[in-house]
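As structure tokens, the structure follows; a few thoughts come after it.
The values are calculated or read from the model by the stated rules, or taken from the named source; none is laboratory data. None of these values were measured; they are calculated from a predicted model. Counting neighbours? That spans all protein chains shown, and the Cβs are built from the backbone with ideal geometry, glycine included.
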There are 4 protein chains.
Amino acid sequence: MIITNQIITDFLQTRQATDEICAPLIMEDYVVQPDVNVSPPKWHIGHTTWFFEAFILLPHKANYTEYNPDFTYIFNSYYETFGKRVSRADRGNLTRPSVEDVYRYRDHVTNQMTDLLEENQSEELMKLVETGIHHEKQHQELLLTDIKFILGSNPLLPSYSATFEEHRLEKQKNKWIKIPEGVYEIGHIGRDFCYDNELGKHKVFLHPYKISNKLVTNGEYLQFMQDGGYKNFKYWHAEAWDWINQNKILAPLYWHLVDGIWQQYTLKGLKEIDLETPLTHISYFEAYAYAQWKELRLPTEFEWEVAQEYFDWGRRWEWTESAYLPYPGFAKEEGALGEYNGKFMVNQKVLRGGSVATAKNHTRYTYRNFFHPHLRWQFTGIRLAK
Amino acid sequence: MIITNQIITDFLQTRQATDEICAPLIMEDYVVQPDVNVSPPKWHIGHTTWFFEAFILLPHKANYTEYNPDFTYIFNSYYETFGKRVSRADRGNLTRPSVEDVYRYRDHVTNQMTDLLEENQSEELMKLVETGIHHEKQHQELLLTDIKFILGSNPLLPSYSATFEEHRLEKQKNKWIKIPEGVYEIGHIGRDFCYDNELGKHKVFLHPYKISNKLVTNGEYLQFMQDGGYKNFKYWHAEAWDWINQNKILAPLYWHLVDGIWQQYTLKGLKEIDLETPLTHISYFEAYAYAQWKELRLPTEFEWEVAQEYFDWGRRWEWTESAYLPYPGFAKEEGALGEYNGKFMVNQKVLRGGSVATAKNHTRYTYRNFFHPHLRWQFTGIRLAK
Amino acid sequence: MIITNQIITDFLQTRQATDEICAPLIMEDYVVQPDVNVSPPKWHIGHTTWFFEAFILLPHKANYTEYNPDFTYIFNSYYETFGKRVSRADRGNLTRPSVEDVYRYRDHVTNQMTDLLEENQSEELMKLVETGIHHEKQHQELLLTDIKFILGSNPLLPSYSATFEEHRLEKQKNKWIKIPEGVYEIGHIGRDFCYDNELGKHKVFLHPYKISNKLVTNGEYLQFMQDGGYKNFKYWHAEAWDWINQNKILAPLYWHLVDGIWQQYTLKGLKEIDLETPLTHISYFEAYAYAQWKELRLPTEFEWEVAQEYFDWGRRWEWTESAYLPYPGFAKEEGALGEYNGKFMVNQKVLRGGSVATAKNHTRYTYRNFFHPHLRWQFTGIRLAK
Amino acid sequence: MIITNQIITDFLQTRQATDEICAPLIMEDYVVQPDVNVSPPKWHIGHTTWFFEAFILLPHKANYTEYNPDFTYIFNSYYETFGKRVSRADRGNLTRPSVEDVYRYRDHVTNQMTDLLEENQSEELMKLVETGIHHEKQHQELLLTDIKFILGSNPLLPSYSATFEEHRLEKQKNKWIKIPEGVYEIGHIGRDFCYDNELGKHKVFLHPYKISNKLVTNGEYLQFMQDGGYKNFKYWHAEAWDWINQNKILAPLYWHLVDGIWQQYTLKGLKEIDLETPLTHISYFEAYAYAQWKELRLPTEFEWEVAQEYFDWGRRWEWTESAYLPYPGFAKEEGALGEYNGKFMVNQKVLRGGSVATAKNHTRYTYRNFFHPHLRWQFTGIRLAK
């Protein structure tokens, strides 16, 4: 019985946390999509709901009938298993269903899920519900970073919340953590939830290395900029050099040069750059170029995982040098959930850690986040190694 | 004094008519832009307001201060005179200012304009106000057709209004109106309002021609489709042939083949094609191809203007064979209003008439509407000549 | 018998003139396509040959068998009637058939044509041969301007010929030719060759106008440039403004600013701009902007045709304000030749006159050349009207 | 003195081998560029020559003067160090310098190099010459595969050579080679030439695995095709699925379905698929999808390197699952040569082995070739692991 309450509580708290992220929004904020990588908040609300309906209620709840057959078309993200869907780039063109309609759908599914969980707590179901909860937590992060992008690309630069604190000073002194050569174990172990991409536990050989106990700060990155970092090809990958030139990239995302002073759009609005706080909103390309300029390098994801117990982490996703690839023995899950991770394992980079936007209890030291190397709208930072 | 009341009444009625068009919308409908040629309703509301502020209140009302300096950046359409502006393709990414804020701005400007009109009715001002009114009427048509596009490209195909009647049967029998050869006068004359592109009155020589008293119907166009009209290159311009093949165009805009039956999205929702009512939502390319198939042709804008007194018109914009070019003696207006028409006089086709979406008293027989030859989201139709 | 010799002579001289244009080329020059509007010389050689084979030899010469069935695929330009063909943009990827092979094909067809013409001079055939000859003359102009583009976009800027004189001073004094109001006849009359787009003879009403007896010179255009003509939106069409900004257009095609001095690539190589000779290689967009800056305008094609007897012309194609549209009573030719003109009558501008690259006896005062408004690789110039 | 002769012999043999690859070409074949990844043969001839001039003759040969300053602009590939250059996509637009001119340049540099090598064999120079030789060998492979692409995308499908044998049957029986778990050494060791990306020798831990002793054959791949492999999303990465759908990929490159029979363009011309010979010209995306369908996987580059002594290799580049990343301790070379490898270490996949197009003595078991995952014009194949 304790377990019962726990899963229902987790489920309901997760659903509520999503609603809280949206609380400061006005109706109009829910609808738009200023970049193809950003989804409208309304879509996140609907998609996380559809996920529970499609993966749990329809196959597992007796007599449950689909709330609205059109919603699979509208709220499916990328599951080919479920057939055709609104193309990703068209998510921002959907004014209907209305925000109100989507919340009504959301409430319906929340209630039906609660009913189901009160009558059935089979192991198979628990596993699915846990996945649904983690799926929604993952979307909470995207929801917040997408909201930041929506507001941050508006010429009025409106604030999201007067109290949301993105930055935290890392007060410790710079130090190089030394890790000796050896064979180390990598990957998730135990019965707690994890994604298929963290399995299975396996060994890697690491040569001796050093890793910084601190993230790179705004002030340090500004030196790179002032030293002409964005103008000197030798720090950049060939693809990165094309990317900064074609897109006229001159600074991290959300940085604005106002009357000669660098300012930064945050969820609290525009404010002057704080030189001491960790840098954020840079691409892998920029992280790599910065490391080249420092004559250092980024850690691999394995180096990060082995050393992570010796430094604080979790306020910035940290770009690693590792490409996002399957671990030895990787096996996709069966069915539609098999589309969750494996099919993205090409042309992406692994990020480790977590961020101020990451849901509570969502990340862990084996968690493998991944993005294309040019993307910047997540809270991304740099930790150096050598 | 009578004049005073008249202009104020016209102004207020025009403002109100815009509001009425938006009455059936939900908040979300105001924000999106599913095609670069479509603007969000919120933008139209703001832009028609900004036009009065920028062209009338700021230069002519003593002590008037700009409502919000950001709004020129956001609500300027294409006037280079007023400097930088949100790029057209980004209009659908603006969640702020909110719809409520924009209506507040709108009310403010409406009130200020009324104040101004109660104290100053100089000829110069009257001319500007008249332009502002006609500008807003022009946007009323775009507003309605943009709303149709927003709802009509939504997979749910929601209706806009249960009562809005797009179609009207033309009951008269087919007849060819004969116009004899001669020199005819073309263009606007008199003191009523017109745009600069309708001036000045001038002469053209027309060879004898015949023009249909009726528009082409859905049923007639369906015959063209069923005869393989979209598959036979010989009816099409080379650019049109590329266009239909690249965009997989197989039918007019808003036509859906549902279980083998052609249906049409209208402002009332989806309904079966009525074979007897005039065809609409076709490009110039399609109008031309249809005429080729019939071994007939489209009239020139001059032929249309000369013959128009012999047939009913005003429910469909009618594609003509004429390119949109300056009349002899065309002179752009001074200042920013000079950007209204002249700079679009290349690569566009003239349409004559008016449509169900055209504001009352807005069009006239000398009115020259113009669009690129591939566009279809206006209520466009075909009248044949030979 | 005299006629016989005449048509054979014309045919052979035309074929030879094409060969002479290619005489200065090296093998490599025959193959490339640096712009989608430019065709490789080898393709012109093959295409003008294929035209005689497809339109004349195959249907009219007894027992003639196709030289090589692949050549229809390779050398058809845009005739849908003949089925699939190498896409226009891929013409520059064809190394085979070799230049030598294509000349062998060319000789074969020339010989077969001569044989045919010695035995059959029916009226139907004569008309086709005349079309074929004019078709080849038209390609001679493209061949030369394409060669200029191929060499002129090479960083080495090689010269084509030490003697080819592109420029000729117009020594007459500036004068405005006055044409009175009236109904004028336009279009081709008589039994000489013309294209279907010049027919039929018809009347237009012209208001009184003046037209310059001289073309705009390099020096005059340089004043426009120095007055910031390319920086001021008010002279430009909206589409033109986008075009110059996206393509960073700052001067006519082939102009190079070398050490502060404007130089011009010509078929003789790079040389300093001569201020007194007529301007060339400008788009319609630039011609229009220049006229706006002068507070004058371009003539219509009808104004040009009526006034042409009062000025010299034929060394520069002259942009007119007229869109390329069918004349009243325009009828496409039957069969594949019907694709020659009609299908291009949208989004193009008429040019009148001729150029230094135009074949002898090819143009005439009713000739209607046409190009998209942004194209510049032909020898195009400006004559003003008011 | 022996050393002297050896390096000069190596140098001259390498230069000659390049010439031999070009022997079957006609002049026209040297010039075109049908895909942005393909370079014209003339460019390879010039670029490999320029490499010796820029990296060796100019800095090391007393009184050597640049042959032609324009050639650095024309023949530099991607070395930002040497400044601006013809954009990659424009290489196929250069008709001048002529093929003859480029060979004259080539002979000049060959002679100057021989002179230099007869007088100076310092260690620094020897290292550079060795790099230049290997650079040219690398281009020999590209030259041949680019020629294949140029001829193979020509609708005439001309053969390159009647004797060049691309395919060789692997006669051994299928067998799984078992490799036990352990820490293995990876990377180049010794004094022989290698690229910076193969250094330094380091250790990796490998879990036990099996690797096939044979490459996948045409017949095996045909089964994947016939089983609907290209139609089933579940075998493909998300990016791959978009790629095959956008580009309508249905078979390996150079496969043509002629009258229901699969044929394959080879350097000998078109011939029927041989089911028993190894598959080639597939992308990483297709290699991965095939492995998924077989419920197996591709080896990592480390697994390949450790197992390579147990199977034959060198006739097909073999896609590995490994992303192209720096080895631990990777250090770019100083100066322009530092641009050789490091700047490409993102978004590419490692291939191991060699191919029928690889120059003699050019590859070795530590050699790391790399391409983007969608590219197919190299001789690429599949070896499976589990």
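Tabulated values for the structure
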read-out: Meets criteria (under 23 Å from B:LYS234 (Cα atoms), among the charged types (D, E, K, R), assigned to a helix (DSSP H, G or I) and away from chain D (no Cβ under 14 Å)) for C:LYS137; value: no
read-out: C:TYR265 being part of a strand (DSSP E or B) and crowded, with 16+ Cβ neighbours inside 10 Å; value: yes
read-out: Given (1) over 29 Å from B:LYS332 (Cβ atoms); (2) touching a strand residue (DSSP E or B) at 6+ places or on another chain (Cβ under 8 Å), number of the condition C:ASP259 does not satisfy; value: (2)
read-out: Selection within the stretch C:362-376 - in contact with a helix residue (DSSP H, G or I) (Cβ under 6 Å, 6 or more places away or on another chain) and either basic (Lys, Arg) or surrounded by fewer than 21 Cβ atoms within 10 Å (Cβ to Cβ) (or both); value: C:HIS362, C:TYR365, C:ARG368, C:HIS374
read-out: Total residues in the stretch D:173-205, condition out of contact with any Lys or Arg (no Cβ under 9 Å at 6 or more places or on another chain) and of a type outside the set (Gly, Ala, Ser); value: 7
read-out: Residue under evaluation B:TYR310, criteria (1) of a type in the set (Ser, Thr, Tyr); (2) more than 14 Å from every other protein chain (Cβ to nearest Cβ); (3) touching a helix residue (DSSP H, G or I) at 6+ places or on another chain (Cβ under 9 Å), criterion not met; value: (3)
read-out: Residue, farthest from the chain's Cα centre (by Cα), within the stretch B:272-301, restricted to residues that are at the interface with chain C (Cβ under 10 Å from one of its Cβ atoms) and of a type in the set (Phe, Trp, Tyr); value: B:TYR288
read-out: Residue in the stretch D:39-60 that is assigned to a helix (DSSP H, G or I), touching an Asp or Glu at 6+ places or on another chain (Cβ under 9 Å), surrounded by fewer than 18 Cβ atoms within 10 Å (Cβ to Cβ) and modelled with pLDDT of 95 or more present; value: yes
read-out: Single residue of A:THR18, A:THR9, A:THR114, A:THR110 found to be more than 14 Å from chain B (Cβ to nearest Cβ), out of contact with any Pro (no Cβ under 6 Å at 6 or more places or on another chain) and more than 29 Å from A:LYS148 (Cα to Cα); value: A:THR114
read-out: Odd one out for C:LEU169, checked against (1) more than 21 Å from C:GLU339 (Cβ to Cβ); (2) at pLDDT 95 or above; (3) of a type in the set (A, V, I, L, M, F, W, C); value: (2)
read-out: Where A:GLU100 falls short, out of the listed (1) modelled with pLDDT of 95 or more; (2) more than 11 Å from every other protein chain (Cβ to nearest Cβ); (3) assigned to a helix (DSSP H, G or I); (4) surrounded by fewer than 18 Cβ atoms within 10 Å (Cβ to Cβ); value: (2)
read-out: Residue match in the stretch C:157-168 (condition: assigned to a loop (DSSP other than H, G, I, E, B), touching a residue at least 40 places away in the same chain (Cβ under 8 Å), closer than 15 Å to C:VAL356 by Cβ and of a type in the set (Val, Ile, Thr)); value: yes
read-out: Residue among D:ASP227, D:ASP196, D:ASP242, D:ASP192 that alone is within 11 Å of chain A (Cβ to nearest Cβ) and out of contact with any strand residue (DSSP E or B) (no Cβ under 9 Å at 6 or more places or on another chain); value: D:ASP242
read-out: Qualifying residue in the stretch D:80-87 (condition: within 23 Å of the chain's Cα centre (by Cα) and either within 30 Å of D:ARG316 (Cα to Cα) or assigned to a helix (DSSP H, G or I) (or both)); value: yes
read-out: Condition broken by A:GLU181, with the remaining ones in (1) away from chain D (no Cβ under 14 Å); (2) among the acidic types (Asp, Glu); (3) touching a His at 6+ places or on another chain (Cβ under 9 Å) satisfied; value: (1)
read-out: The stretch A:346-359: number of residues that are in contact (Cβ under 8 Å) with a residue 40 or more places away in the chain and in a loop (DSSP other than H, G, I, E, B); value: 6
read-out: Matching entry among A:ALA307, A:ALA359, A:ALA323 (being surrounded by 20 or more Cβ atoms within 10 Å (Cβ to Cβ) and either under 23 Å from A:ASN213 (Cβ atoms) or aromatic (Phe, Trp, Tyr) (or both)); value: A:ALA307
read-out: Test: residue in the stretch A:70-78 that is assigned to a helix (DSSP H, G or I), in contact (Cβ under 8 Å) with a residue 40 or more places away in the chain, surrounded by fewer than 19 Cβ atoms within 10 Å (Cβ to Cβ) and in the same structural domain as A:LYS42 (by TED's automatic domain parsing); value: no
read-out: Positions within the stretch B:26-36 being surrounded by fewer than 19 Cβ atoms within 10 Å (Cβ to Cβ) and either more than 10 Å from chain A (Cβ to nearest Cβ) or hydrophobic (A, V, I, L, M, F, W, C) (or both), in sequence order; value: B:ILE26, B:VAL36
read-out: Qualifying residue in the stretch A:51-68 (condition: touching a residue at least 24 places away in the same chain (Cβ under 8 Å), within 12 Å of another protein chain (Cβ to nearest Cβ) and more than 20 Å from the chain's Cα centre (by Cα)); value: yes
read-out: Residue in the stretch B:291-335 that is farthest from B:GLU166 (Cα to Cα), counting only those that are without any contact (Cβ under 8 Å) to a residue 60 or more places away in the chain and part of a helix (DSSP H, G or I); value: B:GLN292
read-out: Condition check for C:GLU276: without any contact (Cβ under 8 Å) to a residue 40 or more places away in the chain, assigned to a loop (DSSP other than H, G, I, E, B) and charged (D, E, K, R); value: no
read-out: Given (1) surrounded by 17 or more Cβ atoms within 10 Å (Cβ to Cβ); (2) farther than 25 Å from A:TYR160 by Cβ; (3) among the small types (Gly, Ala, Ser), number of the condition A:ALA251 does not satisfy; value: (2)
read-out: Selection from the stretch B:184-242 of residues that are of a type in the set (S, T, N, Q) and at pLDDT 95 or above; value: B:SER212, B:ASN213, B:THR217, B:ASN218, B:GLN223, B:GLN226, B:ASN232
read-out: Per-region count, the stretch C:147-156, residues in a loop (DSSP other than H, G, I, E, B) and out of contact with any helix residue (DSSP H, G or I) (no Cβ under 7 Å at 6 or more places or on another chain); value: 1
read-out: Restricting the stretch C:316-332 to residues that are within 15 Å of C:TYR367 (Cβ to Cβ) and in contact with a helix residue (DSSP H, G or I) (Cβ under 6 Å, 6 or more places away or on another chain), the residue that is nearest to the other protein chains (Cβ to nearest Cβ); value: C:SER322
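Here's the yes/no breakdown for (1) within 14 Å of chain B (Cβ to nearest Cβ); (2) buried (at least 19 other Cβ atoms within 10 Å of the Cβ):
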position: A:ILE133; (1), (2): no, yes
position: A:LEU151; (1), (2): yes, yes
position: A:PRO155; (1), (2): yes, no
position: A:SER161; (1), (2): no, no
position: A:GLU165; (1), (2): no, no
